[in-house]
1. Rounded to a whole number, what % of the accessible area of region 16-58 do carbon and sulfur atoms account for, probe 1.4 Å?
2. 7 Å from Cα along Cα→Cβ at both Phe17 and Leu61: what's the point-to-point distance in nm?
Amino acid sequence: MPLVGRAFLLIATLALFHAAFSTYEHLSHLKAMERPEGQLPQDIIIEAFVALFLGILGASLNAPPLKEITWASEMNKRSIDEMESRPGFASYINRGKNFLS
């Protein structure tokens, strides 16, 4: 699947660059005809939306699999000693008296 996802991303990138170049050409054509206002042709808009859809699909197919984030899956990775160690509750006051004397 990653190969298909990368292919979709490549096609989407090329289609988006082509839509941007077509938009630039259309606007420069309107400027040469001294008509600065005008709508973009429908084929450029459709091409941009198809490129957007292909980019989203390619990114989804190219993404790594999701990891499980439940408490049970986290406990499978750790031992009980890691979970029950509480260094914040350690008291060194009574040991300090013996250490300095």
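The values are calculated or read from the model by the stated rules, or taken from the named source; none is laboratory data. Note that the structure is a prediction, hence the values are computed from the model and not measured. Every residue, glycine among them, receives a Cβ derived from its backbone with ideal geometry; neighbour counts consider all protein chains shown. Heads up: the accessible areas ignore ligands, DNA and RNA and are worked out on the full protein's heavy atoms, side chains in. Shrake-Rupley method; radii C 1.70, N 1.55, O 1.52, S 1.80 Å.
1. Working: 2390 of 3400 Å².
Whole-percent figure for carbon plus sulfur exposure: 70.
2. In this crude spin-label approximation the distance works out to 2.0 nm.
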